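Structure, as structure tokens:
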Amino acid sequence: MNKDKLIIAGPCAVENKLQLYNTFKSLNNHIDFFRAGIWKGRTSPKSYPGYGLKALPWLQDIQKKFQIPAAIEVGTASHVELALKYDIKTMWIGARTTVNPFSTQEIAESVRNCDVEIWIKNPIISDIKLWIGAIERFSRCGVKKIKTIYRGFYSEKNIKYRNDSRWDLVEIINKKYSEIPIIFDPSHLSGNTNYIENLVKNTRQDLINGFMFEVHNNPKEALSDNKQQLTPEEFKYLINKFF
């Protein structure tokens, strides 16, 4: 496997300061970006919504002390404003946001001509035009550093993984935007850590430029997506084996 792939990892959601720092320390020196969800767009209002604003100073501190850029999901223009206030300049647009042109345009306008990096996840449904539209909205607002994230597509069929694997759509994005890196997120596509190693092993290396993994210092106690989050030991095993 190509050892030049970008490696992004971190917890699905920030739950408290100790969990965040312990997870980061276990990943330091193995990652290019530290991902951490602080605002979670959950299907149910009863689900854990993330730690929110209070987690931003912690991520700012990690960036400053360890010189590792932090990346967070943003779903509104106010999220962007707060992230920039705390020097977080790498943000991703979630699969549920990508399907909404109004939300995507609003966020794109909020970073117009800013020195930020935006990662755009594929839409939750397999409509390639929505993915393309989101990319173009940010490009037209002057964002120079764009990456896409492939995390699979929702399916009502009884399938092996949490999400449907549609590499044919990824191939379209790759051909249309050859200059934009594609990051593969096997955690979300699989929905289960039992499948992640095989997905990494058999991924379309010709299409992707990096991987994003969800890693938690104690996945069994995680407040969101505990089945798809690797332990630090499992993550390091994958890194040592394939990278």
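The values are calculated or read from the model by the stated rules, or taken from the named source; none is laboratory data. Remember, it's a predicted structure, so these values are computed and weren't measured experimentally. Positions of Cβ are generated from backbone atoms using ideal geometry, with glycine treated the same way; all protein chains shown enter the neighbour counts.
Looking for whichever is crowded, with 20+ Cβ neighbours inside 10 Å, β-branched (V, I, T) and more than 25 Å from T43 (Cβ to Cβ) here; the options are I239, I173, I196, I180. Which one fits?
Checking each option against the conditions leaves just I173.
Under 7 Å between Cβ atoms, at least 6 apart or on separate chains: pull out the pairs that start in segment 140-160 with a residue that is more than 18 Å from G210 (Cβ to Cβ) and end on any residue that is hydroxyl-bearing (S, T, Y).
F153/S126
I'd like to check something: does segment 9-21 contain any residue that is touching a Lys or Arg at 6+ places or on another chain (Cβ under 6 Å) and of a type outside the set (A, V, I, L, M)?
yes
Determine which single condition S155 fails, assuming it passes every other condition in (1) touching a strand residue (DSSP E or B) at 6+ places or on another chain (Cβ under 7 Å); (2) surrounded by fewer than 20 Cβ atoms within 10 Å (Cβ to Cβ); (3) assigned to a helix (DSSP H, G or I); (4) not β-branched (V, I, T).
Exception for S155: condition (3).
Go through segment 5-47 and report how many residues are under 24 Å from V99 (Cβ atoms), touching a residue at least 60 places away in the same chain (Cβ under 8 Å) and surrounded by fewer than 16 Cβ atoms within 10 Å (Cβ to Cβ).
Of the residues in segment 5-47, 2 are under 24 Å from V99 (Cβ atoms), touching a residue at least 60 places away in the same chain (Cβ under 8 Å) and surrounded by fewer than 16 Cβ atoms within 10 Å (Cβ to Cβ).
Kindly indicate which of I128, I68, I132 is more than 18 Å from the chain's Cα centre (by Cα), surrounded by fewer than 22 Cβ atoms within 10 Å (Cβ to Cβ) and at pLDDT 95 or above.
From the options I128, I68, I132, the qualifying one is I128.
Yes or no: L59 buried (at least 22 other Cβ atoms within 10 Å of the Cβ) and either over 27 Å from G133 (Cα atoms) or polar (S, T, N, Q) (or both)?
Here the answer is yes, as L59 does meet what is asked.
When you scan segment 1-22, do you find a residue that is farther than 26 Å from K220 by Cβ, assigned to a strand (DSSP E or B) and at pLDDT 95 or above, even just one?
Yes, that holds for at least one residue.
Consider V74 carefully, then state whether it is among the hydrophobic types (A, V, I, L, M, F, W, C), within 16 Å of the chain's Cα centre (by Cα) and under 19 Å from N218 (Cα atoms).
It is false that V74 is among the hydrophobic types (A, V, I, L, M, F, W, C), within 16 Å of the chain's Cα centre (by Cα) and under 19 Å from N218 (Cα atoms).
One line per residue, one yes/no per condition, for (1) of a type in the set (A, V, I, L, M); (2) within 23 Å of F34 (Cα to Cα):
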| residue | (1), (2) |
| --- | --- |
| L169 | yes, no |
| I172 | yes, no |
| P181 | no, yes |
| S190 | no, yes |
| L199 | yes, yes |
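Please find, among W131, W119, the residue that is out of contact with any helix residue (DSSP H, G or I) (no Cβ under 6 Å at 6 or more places or on another chain), under 17 Å from A70 (Cα atoms), not aliphatic (A, V, I, L, M) and not in a loop (DSSP other than H, G, I, E, B).
W119 is the lone residue from the list that is out of contact with any helix residue (DSSP H, G or I) (no Cβ under 6 Å at 6 or more places or on another chain), under 17 Å from A70 (Cα atoms), not aliphatic (A, V, I, L, M) and not in a loop (DSSP other than H, G, I, E, B).
So which of Y150, Y154 ends up being among the hydroxyl-bearing types (S, T, Y), closer than 18 Å to W92 by Cα and out of contact with any Leu (no Cβ under 6 Å at 6 or more places or on another chain)?
Y150
Kindly provide the set of residues from segment 130-164 that are over 22 Å from G41 (Cα atoms) and not hydrophobic (A, V, I, L, M, F, W, C), ordered by number.
Scanning segment 130-164 gives E136, S139, R140, G142, K144, K145, K157, N158, K160.
Could you tell me how many of the residues in segment 161-175 are farther than 26 Å from K89 by Cα and in contact (Cβ under 8 Å) with a residue 12 or more places away in the chain?
Qualifying residue count for the region: 10.
Just checking, which of T98, T76, T90, T104 is more than 23 Å from N209 (Cβ to Cβ) and of a type in the set (V, I, T)?
Among T98, T76, T90, T104, only T76 is more than 23 Å from N209 (Cβ to Cβ) and of a type in the set (V, I, T).
Which strands (runs of 3 or more DSSP E) sit wholly inside segment 32-106 and have at least 1 residues that are of a type in the set (A, V, I, L, M) and touching a His at 6+ places or on another chain (Cβ under 9 Å)?
So the answer is 70-73, 90-93.
Please verify whether R204 is part of a loop (DSSP other than H, G, I, E, B) and in contact (Cβ under 8 Å) with a residue 60 or more places away in the chain, treating the condition exactly as stated.
no
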